[in-house]
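Before any comments, here is the structure.
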Amino acid sequence: MLPSLTLQFLCYYSPFQRTNCLSATTSTPVCQSASCLRKTMDRLSENARLMIVSDLDHTMVDHHDPENLSLLRFNALWEANYRSNSLLVFSTGRSPTLYKELRKEKPMLTPDITIMSVGTEITYGNSMEPDNGWAEFLNQKWDRNIVSEETSKITELTLQSKTEQRPHKVSFYVQKEKAEEITRSLSSCLKERGLDVKIIYSGGTDLDILPQGAGKGKALAYLHDKFKAEGKLPKNTLVCGDSGNDAELFTIPDVHGVMVSNAMEELLQWHAIYAKNNPKIIHAKERCASGIIQAIGHFNIGPSISPRDVTDLSDSTLDNFDPAYEVVKFFLFYERWRLAEIGKSELYMANLKAVCSNSGILVHPSGIEKHLHDCVNSLRTCYGDKRGQAFRVWVDQVLPVQVGSDAWLVKFKKWEQSGGERVCCLTTALLSSKDVTVADGLTWVHVHQTWLNEASPSSSADWLF
Ligand code: GLC
Ligand code: MG
């Protein structure tokens, strides 16, 4: 039995306190970054097959997995099966500064929407266009000066770094034993001063003070309303988290939810009290991104076999040509070949040549043109050259466009990590199904690569394709 104090403490983010952030207040937030949201919506010809809303630290990203295997498994699954018809949303407690740092450290995909600073900042697309309407909405009954003034009187609160103090988020560290009491007293004192705040304790150490209308759950409800207004509510939403600030996500109507196996005590306690009988929420057996994959399978909301778990990639029989799957598969093969994780068989080289058009060309990022068949020959000599090394390849934002009855233009980012260096090429590939049977897959006709601005190598000599 939990002590009543804990119950009260957990109530700060209980579903019973839930109010609809759009209707319970006088004004409805208006998105002023309409064009960017529009692009996000227009990319999908119909309602998203799946919207994943995932926390990052210890949920999508496993900080105890230096090889990032579960993240890479998720990446391959997402790009092969979901990217073109689904929505990826990251929802993190991190500020934009720390979020961008994490992106440099870990092989993360690019989300369609990024929610940062515990649901107080929403941005769209690759350019991370901020949703100013959301920020404006959060000004209600909020004054961060008053929050600073009142919290400065509490000696047990240690202010977090400057980067984590945001317009609608004031963050501290506090000892676990002190958290409940401070939360209670701060809450009533700020109420007396005319504010309506939400206090969230996460990770057994972080204390965030936000406007009442903010939080990861409220931000998701706001996005759902926007998509609904356009008739594009995702067919399924899966929320994923591990700690206290994720609890709200699980209170949004109709969502599926996964608490990853390594979820923190505070989230599990919250679940035990408020959501125990909800069959749409599971506590995964697997850690982090692998727990997310497990949940997709458990709820049966789409494919849940990552191409990384398929040993024999040539064995996959597809009902339809699938250019995204083809791209993911090809670069997985490439990684395994260089790591010597597959046998050195001439058959592979022959198959590769068979799927490259005779006159096919690669425009190498250095600006040199090469025949695709010559590229395959160079690959032959690279067998096992990365054996035993920290060598990983992944693709991001694989977006095929059908440009003819038998042709697809596929745009994607191809990343390669070798030891400490990480490089990326923006890649465009023309793939064709002309004159081949489904079993043969698609033919690569033309590939064009350009270094990604912030991820070009010191020397381009090592880049194959
Ligand atoms: C992230 C943020 C931090 C916040 C914590 C919990 O670690 O950087 O400011 O307190 O998430 O929400
Ligand atoms: Mg987390």
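Structural remarks
- Residue in the stretch 233-256 that is among the polar types (S, T, N, Q) and within 16 Å of ligand 1 (Cβ to nearest atom) present: yes
- In the stretch 261-317, the residues that are of a type in the set (Gly, Ala, Ser) and part of a loop (DSSP other than H, G, I, E, B): SER261, ALA263, ALA275, ALA284, GLY302, SER304, SER306, SER316
- Flag if VAL403 is closer than 26 Å to ARG83 by Cα and touching a residue at least 60 places away in the same chain (Cβ under 8 Å): no
- Pick from the stretch 188-206, criterion within 20 Å of LEU267 (Cβ to Cβ) and of a type in the set (S, T, N, Q), ranking: farthest from the chain's Cα centre (by Cα): THR205
- Top-ranked residue of the stretch 400-416 - restricted to ones that are touching a Ser or Thr at 6+ places or on another chain (Cβ under 6 Å) and under 27 Å from ILE113 (Cβ atoms), ranked as most open to solvent (accessible area, probe 1.4 Å): LYS411
- Residue check for LYS106: open to solvent by 10 Å² or more (accessible area, probe 1.4 Å), more than 9 Å from the chain's Cα centre (by Cα) and away from ligand 2 (no atom under 15 Å from the Cβ): no
- Taking the conditions (1) touching a residue at least 24 places away in the same chain (Cβ under 8 Å); (2) open to solvent by 20 Å² or more (accessible area, probe 1.4 Å); (3) assigned to a strand (DSSP E or B); (4) farther than 16 Å from VAL328 by Cβ in turn, GLN449 satisfies each one other than (2).
- There is at least one residue in the stretch 219-235 that is in contact (Cβ under 8 Å) with a residue 60 or more places away in the chain, within 16 Å of ligand 2 (Cβ to nearest atom) and not acidic (Asp, Glu).
- Flag if PHE412 is under 26 Å from ASN377 (Cβ atoms), outside any strand (DSSP E or B) and not β-branched (Val, Ile, Thr): no
- The single condition among (1) open to solvent by 10 Å² or more (accessible area, probe 1.4 Å); (2) within 16 Å of ligand 1 (Cβ to nearest atom); (3) among the charged types (D, E, K, R); (4) within 21 Å of LEU267 (Cβ to Cβ) that ARG166 does not meet is (4).
- The stretch 187-203, subset in contact (Cβ under 8 Å) with a residue 60 or more places away in the chain and not hydrophobic (A, V, I, L, M, F, W, C), residue farthest from ligand 2 (Cβ to nearest atom): SER187
- Inside the stretch 117-138, residues that are farther than 22 Å from ILE182 by Cα, of a type in the set (A, V, I, L, M, F, W, C), open to solvent by less than 20 Å² (accessible area, probe 1.4 Å) and assigned to a loop (DSSP other than H, G, I, E, B) make up a count of 1.
- Residue ID - nearest to ALA221 (Cα to Cα), chosen from residues in the stretch 243-302 that are within 16 Å of ligand 2 (Cβ to nearest atom) and among the charged types (D, E, K, R): GLU248
- Search result, residues across the stretch 201-229 that are touching a helix residue (DSSP H, G or I) at 6+ places or on another chain (Cβ under 9 Å) and among the acidic types (Asp, Glu): ASP206, ASP208
- Residue count for the stretch 46-91, restricted to those that are within 16 Å of ligand 2 (Cβ to nearest atom) and either modelled with pLDDT under 95 or assigned to a helix (DSSP H, G or I) (or both): 3
- Pair list, Cβ < 6 Å and 6+ apart or interchain, from the stretch 413-434 residues that are closer than 17 Å to GLN449 by Cβ to residues that are part of a loop (DSSP other than H, G, I, E, B): VAL423/PRO457; CYS424/LEU452; CYS425/PRO365; LEU426/LEU452; LEU431/LEU442
- Residue list for the stretch 440-460, filter: hydrophobic (A, V, I, L, M, F, W, C) and more than 17 Å from HIS373 (Cβ to Cβ): TRP451, LEU452, ALA455
- Checking LYS141 against (1) open to solvent by 30 Å² or more (accessible area, probe 1.4 Å); (2) within 16 Å of ligand 1 (Cβ to nearest atom); (3) on the phi > 0 side of the Ramachandran plot, the condition it does not meet: (2)
- Strands (runs of 3 or more DSSP E) wholly inside the stretch 139-235 that include at least 2 residues being in contact with a His (Cβ under 8 Å, 6 or more places away or on another chain) and β-branched (Val, Ile, Thr): none
- Any hit, the stretch 205-220, residues being aliphatic (A, V, I, L, M) and open to solvent by 20 Å² or more (accessible area, probe 1.4 Å): no
- Selection status of GLN397, part of a loop (DSSP other than H, G, I, E, B), touching a residue at least 40 places away in the same chain (Cβ under 8 Å) and either open to solvent by 50 Å² or more (accessible area, probe 1.4 Å) or at positive phi (or both): no
The values are calculated or read from the model by the stated rules, or taken from the named source; none is laboratory data. The structure presented is a predicted model; accordingly, all values stated were derived computationally and were not measured. Every residue, glycine among them, receives a Cβ derived from its backbone with ideal geometry; neighbour counts consider all protein chains shown. Heads up: the accessible areas ignore ligands, DNA and RNA and are worked out on the full protein's heavy atoms, side chains in. Shrake-Rupley method; radii C 1.70, N 1.55, O 1.52, S 1.80 Å.
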